[in-house]
Amino acid sequence: MNSTLKLPFYVKLSLTLVSLIAVFFILYIAQTILIPLMMAFLFAILLRPCCAFLNRKLKFPHVIAAITCVLFFVILIIGIVTFISYEVSDFVSDWNKIKHNFGIHLANLQEFVRSRFDISTNDQDKYIADATNDTVESGKEILGSTLLSFTDTLVNMTLIPIYMFLILLYRTHFMKFLNKLFKPSQQGVLLDILCQIKVAVKSYLVGLIIQMISVATLTSIGYMIAGVKYAILLGVLTGLLNLIPYLGILVAMLISIFATLTGTPDVSMILGVVIVTVIVQVIDNNILVPLVVSSKVEINAMASIIGIIIGGAIAGIPGMFLAIPTIAILKVIFDRIEPLKPWGYLMGDDMPKTYEWRNIRLTNYNYSLQSDEVAQNTDCIMVETPSIFTETSTRTTNTNEES
């Protein structure tokens, strides 16, 4: 006779917290193993259509098709790195000019501080020297950790193509393993989860590549118009660094501002870099991200930010990059397992995307809960006022029809 053991709430909460702590601890100590493996998994999903085309249409053997796809990927990455290295070598040749222009800006800044705050130039130089001496010792430690991190990165970069080849080669083997792992009655749910994970990850990565190319192109054009030297290099770096959420664009702007010192000490050039960066980010956040990224992965902004912070705390920049695809995979799984559906809904984004007001379509940042059952319990704390907006979202229309 089967009996279900019902545990008290505090026992369930304790077990959940212990499980979460164990999961995050394992992720932290095993990041050197999991990061390249997860990167290879994502890129293998992206290359799977290419491998299938070579295998089915061009009649390549499965092994040769997998090797060809991985080699194409590696050659593409090496080409990008070679281009950046070649441009950076020209950039380094202007180092003396950069120091000269930077000295002009520093002298102007010191004069401003002297006139406004009555601090002499000698005192400012003393403060700068003390701060420099304090940072030398910490700089040695940072340099050592950076070299170790760079070494780990090189090792991981060599492992990623190997893992990609093995994942493409043994894809069917892994699928059969998952089929054997679950009961026959669960095969339909398993197949649905795997298909949706593949679609979500592939669509997200394709959208991310489109966003990267668009940001790089727009930034390069903007810098060319502003007369910035090395505009193409800075545009490519901005597009690549934009893959790092929130932090990458700030680093790219600082690099671009520093690079303007190779051409002229004029402050207007720095202002032009800032203006171009702001305009590109406005276009990216309001047009590119909703069209090619957010439309592929329905995750709300709060879940994305928290996931990025957690990923950065666990594995640094690679963890920040992997945060969104990981949340998308978890959401697909949660949405198809009955006890976990509330968590999938929490990570999702079901807000109506647009409203129409006086024949103008606007982005919506608030929405009514009247069509949701929760609204029945919130009438005492929230009074809805008549809205002059007209809902145009397909999602809300479908929800109203179902309710």
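Each value in this text was obtained by applying a stated rule to the coordinates, not by laboratory testing. Owing to the predicted nature of the structure, the values given are computational and were not obtained by experimental measurement. Note: ideal-geometry Cβ built from the backbone for every residue, glycine included; neighbour counts use all protein chains shown.
Using modelled amide H (1.01 Å from N, peptide plane; none on Pro or chain starts), what sits under 5 Å from the amide H of PHE60, excluding residues fewer than 5 places away?
Correct list: ASN55.
Please report the relative contact order for the stretch 182-272, taking Cα pairs under 8 Å with a sequence separation of at least 6, and give it as a percent rounded to a whole number.
Normalised by residue count, the contact order of the stretch 182-272 is 23 percent.
Across every pair of different alpha-carbon atoms, what Kirkwood hydrodynamic radius in Å does the stretch 1-90 reach?
17.8
Can you work out ³J(HN,Hα) from phi for every residue in the stretch 176-182, in order, using Karplus 6.51 cos²θ - 1.76 cosθ + 1.60 and θ = phi - 60°, giving whole Hz and x for Gly and Pro?
5, 4, 5, 4, 6, 6, 10
Taking θ as phi - 60°, what are the ³J(HN,Hα) couplings along the stretch 63-74 by the Karplus curve (6.51, -1.76, 1.60), each to the nearest whole Hz, with x for Gly and Pro?
In residue order, the calculated couplings are 5, 5, 5, 5, 4, 4, 5, 5, 5, 4, 4, 5 Hz.
Mind listing the long-range amide H neighbours of GLY348? Cut-off is under 5 Å, sequence gap 5 or more, other chains count too, H placed in the peptide plane at 1.01 Å from N.
Residues meeting the criterion, in which the H sits 1.01 Å from N, are ASN300.
Tell me, what is the Rg over Rh of the stretch 37-81, with Rh the Kirkwood radius over Cα pairs?
1.01
Of the listed peptides 219-225, 46-52, what is their order by residue-averaged count of other C-beta atoms within 10 Å, with the highest listed first?
Final packing ranking: 219-225, 46-52.
Arrange the peptides 174-186, 301-313, 336-348 so that the one whose residues have, on average, the most other Cβ atoms within 10 Å appears first.
301-313, 336-348, 174-186
Sorted by average packing, counted as other Cβ atoms within 10 angstrom per residue and highest first, what order do 119-127, 6-14, 58-66, 315-323 take?
The peptides rank, most packed first, as 315-323, 58-66, 119-127, 6-14.
May I ask you to derive the FRET efficiency for ALA22 and LEU106 from their Cβ-Cβ distance with R0 = 60 Å, giving the value to the nearest 0.05?
0.70
What are the ³J(HN,Hα) couplings of the stretch 217-224, residue after residue, when phi is run through the Karplus curve with 6.51, -1.76, 1.60 and θ = phi - 60°? Round to Hz, x for glycine and proline.
5, 5, 5, 4, 4, x, 5, 4
At a Förster distance of 41 Å, what's the computed FRET efficiency of ILE309 paired with ILE337, Cβ-Cβ distance as r, to 0.05?
Calculated transfer efficiency: 0.95.
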